[in-house]
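A short write-up of the structure that comes next.
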Amino acid sequence: MKADAVKIADDVYWVGALDWDNRDFHGFAVPGMTYNAYLVFGDEKIALIDNVFEGFFPEFWARIQDAFKQEGLDEVKIDVLVQNHIENDHIGSIPELLEKCPNIEFYCSAVAASGLKKQIHALDNQEMNPVETGDTLDLGGKTLTFINAPMLHWPDSNFTLYNEGGILFSNDAFGQHVCESKRFDTDQSEAFMELHTRRFYANLVSLSSMLVVKKVEEMTEAGYLDNLKIIAPCHGQIWKNPQIAVDLYAKWATGKCDDKITVIYNTMHHSTQKLAHSLCEGIMSEGVDVKMHFLQMSPESDILADVLDSKAIALGVPTMMNNPYPKVGNLMYYFDATNMARIGDGKKAVTFSSKGWAGGAIKKLNESLAGAGFDVLEEDSIDIKFAPTDDELDQAYELGKKLAQIIKEE
Ligand code: FEO
C-alpha cells in the first residue's frame, strides 16, 4: 500500500497509523485513534520512536518507506528502536518490524525491557539497552536524552527528548484519542485540543496527577523544557505549541477547577430525570456552568472529562431492587480508579433519587461517592417517592442553587 510520511521538523518524520474505525479502546469511547511513531534521521544512525497497534504494519511500513524516500535514501535501514511504552497499541508491530530490521537495537526503560519480553515472547533472546533519566544516545549530530516517567501512565513509561530539535517524544502523555487527517494542534481549534486532551487526561492520567506535577518540575529543573519546540505524543495531534499542553496538564494535575458542576443522572420512569432537570435550573440560576450527562447514554469517558474540571457533581439514580439503578456501578469504578475526586482541594457531591417502595439507592450512592473521595453533602440528599411533586422539584432547584453558591465561594 501507499501512505505518506509527514515531515514534522528537519530530519524528523511522523510515520504512524490512522485507526479510523475504532470506537472503543479498553472501555474508552473513542472517535477513532492514531498510533503515532516517528523517525529521526541522524548522520550515523536512524532511530524509530515507538510503534503501532497490531494490524497496522502495512500502513506503518509504507510511511517509513516514504520517509526514507523523502530523505533521498533508497533502502530502509533503521538502526535504533526507542520503545517508550509497552502497552499493546505501541508494540503490536514489533514482530513484523523485526522481520524487516532484524539487527535493530532496542532502547527502553528497565521495566519496559523485562515487560516487553513477557508481552512478546519472541523477544525472549532480544538484547535490550535499558536507559535511565539523563542517559543519551548519539545518532550523529543528533542526540536523544531519555527520561524515565514511571506511572505516566504505566510503570514502564519513558519520554525521549531530541535535544537539538527541541522535540519531546512523550508517548501517551499529552496525547488525545482522536483520528484526524491533519497532524498538528494548529490544524484544530484550541477548544478541540483542550477537550480531547482533557478526555485523555481524565481517563488515563488523573490517577498519577501528583507525579505529573513532580515530573514537570524535574524536567524544568534539568533544563529539558528550555528549548522545547514540539511535543510529539503517540496519540492524536502533535503540539507545535507545547506550552499549552504543559499548562493544561499543570492545571488538571493540581486540581484547578472551573465554576462548573457536572450533573449525572439515570432514570427508570422519568422521576429522577425531572429532579435532574430542576436541579440543573437551580445551578444555572447562579450563572454557574453545568454539564448534564444522561448516564444511560453518555460514555463514562465523557463524564470523567467533565468531572475532572468541575468543582462539584450532582448524581441521581432511582432505586431498583433496593439498589442504585444499574450502570452507576461502572461509573463508580472509574471514580475510584482515577482518584480524581482527591486531586487538589477535592470535589463536592450531592445525590438525588426516586424510589417506589423501600428505597436504598441514596445510602449506597453516598457511601460509594465518599469512598471515592468526594465530599458528600449527605444531609442535602433528595430521596422522593414515585413522581416528584412541585415542592420536590422546587427542592431540587434549591439544591442546585445551594451547590452553585457553595462552589462560587471556594
Ligand atoms: Fe497508548 Fe498506554 O498506550
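Straight-line reach from LYS69: which lysines have a Cα under 19 Å away, not including same-chain ones fewer than 8 places off?
Straight-distance partners of LYS69: LYS2, LYS7, LYS45, LYS77, LYS100.
Calculate what fraction, in whole %, of the accessible area of the chain sits on carbon and sulfur atoms when a 1.4 Å probe is rolled over the protein chains.
Details: 8440 of 16990 Å².
Answer for the chain: carbon and sulfur cover 50 percent of the accessible area.
I'd like the orientation of helix 57-70 relative to the chain: the angle between its Cα long axis and the longest Cα principal axis, in ° from 0 to 90, rounded to 10.
Taking Cα atoms only, the helix is inclined about 50 degrees.
At a Förster radius of 25 Å, what calculated FRET efficiency corresponds to the Cβ-Cβ distance of ASP391 and ALA337, to the nearest 0.05?
Values: r = 38 Å, r/R0 = 1.54.
Working from the Cβ atoms, E equals 0.05.
How large are Rg and Dmax for the chain when only the alpha carbon atoms are used, in Å?
Final numbers for Rg and Dmax: 24.1, 78 Å.
Using Cα pairs closer than 8 Å and at least 6 residues apart in sequence, work out the relative contact order for the stretch 1-89, in percent. Show your work: numbers first, answer last.
Values: 162 pairs, mean separation 27.3, N = 89.
Worked out over the stretch 1-89, it gives 31 percent.
Taking 7 Å along the Cα-to-C-beta vector as the label spot, tell me the MET210-ASP4 distance in nanometres, rounded to one decimal.
Result for the modelled spin labels: 4.8 nm.
Probe of 1.4 angstrom, ligands and nucleic acids ignored: what's the accessible area per residue over the chain, in square angstrom? It would help to have the intermediate numbers written out before the result.
Working: 16990 Å² over 410 residues.
Here the residues of the chain average 41 Å² of exposed surface.
Using alpha-carbon positions, what is the distance between the centroids of the stretch 204-275 and the stretch 1-40, in Å?
Distance between centres, Cα-based: 21 Å.
Multiplying the sequence separation of ASN163 and ALA358 by 0.36 nm and subtracting their Cα-Cα distance, what value in nm do you get? It would help to have the intermediate numbers written out before the result.
On the way: separation 195, 0.36 × 195 = 70.20 nm, distance 6.50 nm.
Extra length from ASN163 to ALA358 when fully extended: 63.7 nm.
Helix 271-284 against the longest principal axis of the chain: what's the angle in degrees, Cα atoms only, rounded to the nearest 10?
That helix lies at roughly 80 degrees to the long axis.
Which order, highest average first, do 171-178, 28-35 follow once you tally other Cβ atoms within 10 Å for each residue and take the mean per peptide?
Values: 171-178: 25.8, 28-35: 19.4.
So the peptides 171-178, 28-35, ranked by packing, come out 171-178, 28-35.
Would you tally the net charge around PRO299, using a Cβ to Cβ cut-off of less than 13 Å, leaving PRO299 out, and scoring K and R as +1, D and E as -1? It would help to have the intermediate numbers written out before the result.
On the way: positive: ARG23, ARG199, LYS327; negative: ASP24, GLU300, ASP302, ASP306.
Neighbourhood net charge equals -1.
Charges at C-beta only: +1 for Lys and Arg, -1 for Asp and Glu. How large is the resulting dipole of the stretch 322-410 about its Cα centre, in Debye rounded to 20?
400 debye
Before anything else, pin down the relative contact order of the chain: Cα pairs under 8 Å, at least 6 apart, normalised by residue count, whole percent.
Details: 878 pairs, mean separation 49.2, N = 410.
After rounding, I find 12 percent.
With contacts defined as alpha carbon pairs under 8 Å and 6 or more residues apart, what's the relative contact order of the stretch 130-186 in percent?
22 percent
Mark the label point 7 Å from the Cα of MET268 along Cα→Cβ and return the residues of the stretch 359-381 whose backbone N is within less than 17 Å of it.
359-366
The values are calculated or read from the model by the stated rules, or taken from the named source; none is laboratory data. Given the structure is predicted, the values throughout are model-derived calculations rather than measurements. Note that each Cβ is placed from the backbone with ideal geometry, even for glycine, and that neighbours are counted across all protein chains shown. Accessible surface is based on the protein model in full, side chains and every heavy atom, while ligands, DNA and RNA are left aside. Shrake-Rupley method; radii C 1.70, N 1.55, O 1.52, S 1.80 Å.
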